[in-house]
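Colleague: Just passing along the structure, written as structure tokens.
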Amino acid sequence: MSDIEIKKNKVFLVTYGCQMNEYDSELITSILEGEGFKFVHSELDADVILLNTCSVRENAIRKVRGHIHEMRHARGHKPAIYGILGCIATNLKEKLLEDKNLDIDLTAGPDNYKQLPELIREVSRTKHKNSRIAFDKNEMYSDIYPKRVEGVNAWIAIMRGCNNFCTFCVVPYTRGRERSRAMEDIIEESRRLADEGFKQVTLLGQNVNSYGASRTGFTTLLKKISKIEGIQRIRFMSPHPKDFPYELIDEIANNNKVCKHIHLPLQSGNDRILEKMNRSYTQKTFLDLVKKIRTKIPGITLTTDIIVGFPSETDKEFEDTYKVMKEVAFSSAFIFKYSPRKGTIASDKFPDDVSDKTKKDRIVRLNELQRNISLTSNRKLIGSTLDVLIEEESTTRSTANYQGRTDGGILVVFPAGNYFRGQTLKVKIKDATTNVLKGIAA
């Protein structure tokens with residue numbers, strides 16, 4: 001147990017995982033600052049070290065354990081309160097606090113962040129480990145305005161939890177059942193973001209097209225946000241292929257502010273595996289949806305998620321996934337090997353019977369296919385002039401270049417000039433790689 005009394009309230013927060021976790025960390029920052037805590041940029045200066053992470057991927061806990069050990073070593077074992085927040089806290093529950101290798105002091109789940117200030121003080125006062133991991137179906141954090149870093153894009157959670165119960169996924173068990181924020185709260189947050197200079201909002205949810213529990217709720221939300229002066233682009237992630245209404249396709253096609261990019265998780269191209277995953281669509285219905293989208297919105301960017309090696313997946317069934325990926329030709333894909341997640345239906349009922357070697361071989365094949373598709377797709381854009389929203393006045397490799405994204409979400413790099421972050425610039429594409437377009441100001 002950490003032997004420290006919180007006096008200066010200095011917090012170091014690390015975030016792993018998805019965009020929803022990024023948004024939650026912004027909520028956590030706002031909540032703690034409102035209670036007098038101060039955030040520092042190094043674990044060396046902190047009294048409290050918090051790690052906000054997920055449990056969707058297999059290596060999440062390994063990353064957390066490794067990072068905690070690294071920080072303890074860097075601090076010379078100087079006392080601090082260590083806490084793990086987020087989905088992993090509700091997934092692993094008391095096991096986190098009982099793990100002697102981790103030796104953490106507190107845990108808090110996604111519905112319990114408002115209790116963090118008192119939880120930290122209680123642990124500091126009593127020197128006893130403690131947690132807050134109960135679900136709260138009424139907690140939407142609509143009364144908390146997230147503390148964001150200045151930039152171009154802002155995340156907005158429009159809903160929390162999930163009702164889909166895909167057999168491989170922990171989200172319904174770690175974030176609770178699906179519930180939507182009030183539309184007026186989201187609109188007000190978007191207006192405030194526009195007033196602060198944010199040019200783009202990205203709407204977040206496990207299944208955004210079920211927002212409001214109605215067929216047209218999400219479409220209506222897009223219409224209303226697009227009327228806000230100052231918001232230039234609206235993105236969203238992720239929709240579910242099973243309930244993608246035509247009204248939404250029509251809105252994306254006709255609304256100039258809604259980006260022409262849809263992340264459409266396929267997961268598998270085989271009907272038996274899709275049924276075993278409880279995905280509620282077939283290969284045919286997925287391909288029919290893609291056809292509808294591309295007919296109505298020519299040139300749209302489609303991206304996806306794929307899981308290989310799901311329990312009992314045969315070589316022939318994997319070939320169905322390969323075939324669909326080749327036919328659809330996604331602009332990019334996030335490809336993962338299946339790993340059992342504690343508490344899911346797949347983990348409880350289906351033996352993990354596809355060998356690790358087979359999973360790796362399938363990932364290699366799909367990644368190679370996707371690289372070729374992405375390169376071909378990007379090279380077709382050479383010679384075109386695209387609107388690019390500037391996100392950074394440098395790149396990871398050079399201060400001589402700026403970077404931004406197209407309406408379709410493709411990264412573009414171009415020479416620095418008399419431009420500014422948040423500006424939409426016409427860029428003529430001169431070259432392309434698998435992941436990046438290279439151009440000059442037109």
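Colleague: Can you give me the distance in nm between label points at R397 and D348, each placed 7 Å from the Cα along the Cα-to-Cβ direction?
Modeller: 4.9
Colleague: Let me ask something else. Among all the lysines, which ones have a C-alpha under 19 Å from K349's C-alpha, if same-chain residues fewer than 8 places away are not counted?
Modeller: K276, K337
Colleague: What percent does the relative contact order of the chain come to when contacts are Cα pairs within less than 8 Å and at least six residues apart? Working shown, then result.
Modeller: On the way: 895 pairs, mean separation 45.8, N = 442.
This gives 10 percent for the chain.
Colleague: Within 12 Å, Cβ to Cβ, of E317, how many net charges do the neighbouring residues add up to if Lys/Arg are +1 and Asp/Glu are -1? Write down the numbers at each step before the final one.
Modeller: Working: positive: R272, K276, K316, K323, R362; negative: D271, E275, E313, D315, E319, D320.
Local charge sum for E317: -1.
Colleague: Let me ask you something else. Rg (Å, one decimal) plus Dmax (Å, integer) for the alpha carbons of the chain?
Modeller: Calculated on Cα positions, Rg and Dmax stand at 22.6, 66 Å.
Colleague: OK, next. Of all DSSP beta bridges located in segment 148-298, what percent are antiparallel, nearest 5?
Modeller: Values: 2 of 13 bridges.
Of the beta bridges lying entirely in segment 148-298, close to 15 percent run antiparallel.
Colleague: Counting only other residues whose beta carbon sits under 14 Å from that of R179, what net charge do I get with K and R as +1, D and E as -1? Intermediate results must be reported in sequence, preceding the final value.
Modeller: Numbers: positive: K137, R160, R175, R177, R181; negative: D111, D136, E139, E178, D185.
Taking every other residue near R179 into account, the sum is 0.
Colleague: Between E150 and T314, what is the label-point separation in nm under the 7 Å Cα-to-beta-carbon projection?
Modeller: So the two model labels end up 6.0 nm from each other.
Colleague: If you filter segment 38-134 for trypsin sites (Lys or Arg not before Pro), then keep DSSP loop positions with at most 10 other Cβ within 10 Å, what is left?
Modeller: Passing both the DSSP loop test and the Cβ count: K100.
Colleague: Another one. Taking θ as phi - 60°, what are the ³J(HN,Hα) couplings along segment 115-131 by the Karplus curve (6.51, -1.76, 1.60), each to the nearest whole Hz, with x for Gly and Pro?
Modeller: 8, 4, x, 5, 4, 4, 5, 5, 5, 5, 6, 8, 6, 10, 5, 7, 8
Colleague: Moving on to the next point. Given points 7 Å out from each Cα along the Cα-Cβ axis, report the N101 to T282 separation in nanometres with one decimal.
Modeller: 4.6
Colleague: Just add up the charged neighbours of H240: K/R +1, D/E -1, any other residue whose Cβ is under 12 Å from the Cβ of H240. Provide the component values of the computation, followed by the final result.
Modeller: Values: positive: K242, R279; negative: E178, D243, D305.
Residues close to H240 contribute a combined charge of -1.
Colleague: Could you tell me the ratio Rg/Rh of segment 148-259? Both radii from Cα atoms, Rh via Kirkwood.
Modeller: On the way: Rg = 14.0 Å, Rh = 14.4 Å.
Result for segment 148-259 is an Rg/Rh of 0.97.
Colleague: Now, a different point. Considering only DSSP beta bridges with both partners in segment 380-442, what is the antiparallel share in %, to the nearest 5?
Modeller: Looking only at bridges with both residues in segment 380-442, the antiparallel portion is about 85 percent.
Colleague: A follow-up question, please. Assign unit charges at the C-beta atoms only (+1 for Lys and Arg, -1 for Asp and Glu), then state the dipole size of the chain relative to its Cα centre in Debye, rounded to the nearest 20.
Modeller: That gives a dipole near 860 debye.
Colleague: Same structure again: Can you work out the FRET efficiency for the pair E196 and Q19, with r the C-beta to C-beta distance and R0 = 22 Å, to the nearest 0.05? Don't skip to the answer; put the middle values down first.
Modeller: Details: r = 19 Å, r/R0 = 0.86.
Calculated value: 0.70.
Colleague: Give the residue from I273, L222, T434 lying farthest towards the positive end of the charge dipole for the chain; charges sit on Cβ (+1 for Lys and Arg, -1 for Asp and Glu) and the dipole is referred to the Cα centre.
Modeller: Towards the positive end, the residue furthest out is T434.
Colleague: If we count other beta carbons within 10 Å of each Cβ, what is the order of T399, T285, T29, T90, fewest first? Can you show the working numbers first?
Modeller: Values: T399 9, T285 15, T29 19, T90 25.
Least crowded to most crowded, the residues run T399, T285, T29, T90.
Colleague: While we're looking at this one, here's another question. Quick one: check the C-alpha center-to-center distance for segment 202-277 versus segment 23-64, whole angstrom.
Modeller: 29
Colleague: Right, something else. What longest range of the chain stays clear of loop-exposed chymotrypsin sites (Phe, Trp or Tyr not before Pro) (DSSP non-H/G/I/E/B, at most 15 other C-beta within 10 angstrom)? Please report the intermediate quantities before stating the final value.
Modeller: Working: sites that count: F165, F420.
No qualifying site falls inside 166-419, the longest such stretch.
Colleague: Let me make sure I get this right: for segment 10-132, a, b and c are the square roots of the gyration tensor eigenvalues over alpha carbons, sorted descending. Under 1.5 in a/c it's rounded, otherwise prolate if a/b > b/c, else oblate. Which is it?
Modeller: Numbers: a/c = 1.21, a/b = 1.04, b/c = 1.16.
Rounded is the answer for segment 10-132, as its axis ratio a/c remains below 1.5.
Colleague: Per-residue HN-Hα couplings for segment 87-103, Karplus 6.51 cos²θ - 1.76 cosθ + 1.60 at θ = phi - 60°, whole Hz, x for Gly and Pro?
Modeller: 4, 5, 5, 6, 6, 9, 6, 5, 4, 5, 6, 7, 6, 5, 6, 6, 6
Colleague: Taking the dipole about the Cα centre of the chain, with the C-beta of Lys and Arg at +1 and of Asp and Glu at -1, give me whichever of P311, Y211, I88 is farthest to the positive side.
Modeller: P311
Colleague: Still on this structure: Please identify the trypsin sites (Lys or Arg not before Pro) of segment 390-442 that satisfy two criteria: DSSP loop assignment and at most 13 other Cβ atoms within 10 Å. Which are they?
Modeller: R397
Colleague: OK, next. In segment 155-229, which GluC sites (Glu not before Pro) fall in coil by DSSP and have 11 or fewer other Cβ atoms within 10 Å?
Modeller: Details: sites: E178, E184, E188, E189, E196, E229; in loops: E178, E196, E229.
Loop-located and lightly packed - E196, E229.
Colleague: I'd like the antiparallel share, as a percent to the nearest 5, of DSSP beta bridges with both residues in the chain. Can you show the working numbers first?
Modeller: Working: 20 of 62 bridges.
Counting only bridges with both partners in the chain, antiparallel ones make up about 30 percent.
Colleague: Residue by residue, what Karplus-based ³J(HN,Hα) values in Hz, rounded to whole numbers, does segment 61-77 have, using 6.51, -1.76 and 1.60 with θ = phi - 60° and x for Gly and Pro?
Modeller: So the Karplus estimates, Gly and Pro as x, are 5, 5, 4, 4, 4, x, 5, 4, 4, 4, 5, 4, 5, 5, 7, x, 6 Hz.
Colleague: Tell me the mean residue ellipticity at 222 nm calculated for the chain from its helices only (DSSP H runs of n ≥ 4, each -39500 (n - 2.57), averaged over every residue, nearest 500). Write out the running numbers ahead of the final one.
Modeller: Working: 14 runs with 153 residues, N = 442.
It lands at -10500 deg cm²/dmol.
Each reported figure results from applying straightforward, stated rules to the coordinates on display, with no laboratory input. Everything numeric here is computed off the predicted structure, so don't read it as measured data. Please note: Cβ atoms are built from the backbone with ideal geometry, for glycine as well, and neighbour counts cover all protein chains shown.
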